1. With r as the distance between the Cβ atoms of residue 220 and residue 175 and R0 = 35 Å, compute the FRET efficiency 1/(1 + (r/R0)^6) and round to 0.05.
2. How many nm is it between the label spots at residue 193 and residue 93, if each spot is 7 Å from the Cα in line with the beta carbon?
3. Can you work out D for the chain in µm² s⁻¹ from Stokes-Einstein, where Rh is the Kirkwood radius over C-alpha pairs, the temperature is 10 °C and the viscosity is 1.306 mPa s?
4. Grab the other residues whose beta carbon is less than 14 angstrom from that of residue 171, score K and R as +1, D and E as -1, and report the net.
5. Can you sort 62, 39 from fewest to most other Cβ atoms within 10 Å of each residue's own Cβ?
6. Taking just the alpha-carbon atoms of the range 81-317, what radius of gyration and Dmax come out, in angstrom?
7. Find the lysine pairs in the chain meeting two conditions, Cα atoms under 15 Å apart and a separation of 8 or more places or different chains, and report how many there are.
8. Among 261, 353, 63, whose Cα projects farthest towards the positive end of the dipole of the chain, with charges put on the beta-carbon of Lys, Arg (+1) and Asp, Glu (-1)?
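Rule-based calculations on the coordinates, nothing more; no lab input. Computed from a predicted model, the values in this text were never measured in an experiment. Methodologically, a virtual Cβ is constructed for each residue, glycine included, from the backbone with ideal geometry; neighbour enumeration extends over all protein chains shown.
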Amino acid sequence: MPREILAREKSPGKSAARRPSPAAAEVEARDRETVLGTYARTSFHPVSGRGARLFDSDGKAYWDLLGGIAVNALGIRHPRLVRALAEGARGVWHVSNLFYHPSQGLLAERLVRASGLSKAFFCNSGTEAIEAAIKLARLANPGRAGIVAVEESFHGRTFGALSVTGHEEYRRPFEPLVPGARFVPPNDAAALSAAVTEETSAILLEPVMGEAGVIALSDEFLRAARKAADRSGATLIFDEIQCGLGRTGTLFAHERAGVSPDAVTLAKALGGGLPLGAVVVGEKLSGVVRPGHHGTTFGGNPLACRLGLAFLEAIEEEGLLARVEAAGRRLGSALAALARRNPSVRDVRGAGLIWGIELDRPAGPVARRLLDLGFVVGTARERVIRLLPPYIIPRSALAGFVRALDQILSEERPA
Ligand code: PLP
């Protein structure tokens, strides 16, 4: 059992390089021995945290610029989430979807009101939200098997979601997959329009493609997708599992384009740290569903929905969208200035608090150096540092990160 560690608040950026303690080494050895090797884990053991800070098992402090891959959008132990969890723990944790509990309807109501759509279905993860969305699209268009998606996109690991994931490396080991997927280059509106036919049941797009290295789909492309869907009768689905729920500075990333989808998929931040996914659908899809068409044992359970409500209340009542917007503007300028003075930065892309920094070298070793300096970041593809910090990240943490990255990239140039 891991010990409860009392974190000593050493300031980020001042400690020496990490080496696992004997206790941490034991955890890693057991994991390697017993847990299926689907992840290339980094030797980092966060055991506690507060806000945007994480503390490892040696008490060293880190700024969290990854947020558990866009899950911990309110940081660690946000008072509203702690309260919701404590209240929920006093009630029934699980009731099954055969019966009622209030939080599911309340959360659906909030999502429906905010999105302008009409109904929500709850599940446990992003990939399940995609499965639900593509099944509903089939119901709305019986017999039409085509799904048009984007090259390099990512929609999840289950068979349906994997089949419509544009990143070929993920698909290849599992082929043959579910037939019908077609992929078009990002932001090629003409290719998209040409690919959508009377056989297409859905067009599936990530308004900001996170796993692809933070590549935004243009407003023009999203509008062309709406037009193609209207022309053909296909369903337009926006996958906002990573880029939605405030991440870009608006509640839904597609708002900036003024395009309304027929369905939007959500997960990650939605459950405030507990597993929760959703597909929110408009009239076109809500009207075709009958009991028995789809379901899940755990989806939309009372605890996760309670946290989801607390998360959405925090977004609204604590002015977090404006905060994300302002943080994104400052971070964007700081990264653009870094790119101008440091030729190792090839490109910076993003909005709000989702950013990709494309380097002239593999991102993995740079991310590990950043960890040594007290900054937890992600990577995407081979050369992109990816940032998905909590919405409450302080200004000083982002400024400190830019300085640390500048320092690392100036230390040595790739051969
Ligand atoms: N869609 C997008 C855009 C994602 O970023 C992810 C996960 O990274 C998924 C779908 C799959 O979500 P999950 O890992 O919760 O199944």
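1. After rounding, the FRET efficiency stands at 0.60.
2. 5.4
3. Values: Rh = 22.2 Å.
So the translational diffusion coefficient is about 72 µm²/s.
4. On the way: positive: 157, 172, 182; negative: 151, 152, 168, 169, 175, 211.
That works out to -3.
5. 39, 62
6. 17.2, 55
7. Numbers: 10/60; 14/60; 119/284; 135/284.
For the chain, the number of qualifying lysine pairs is 4.
8. 63
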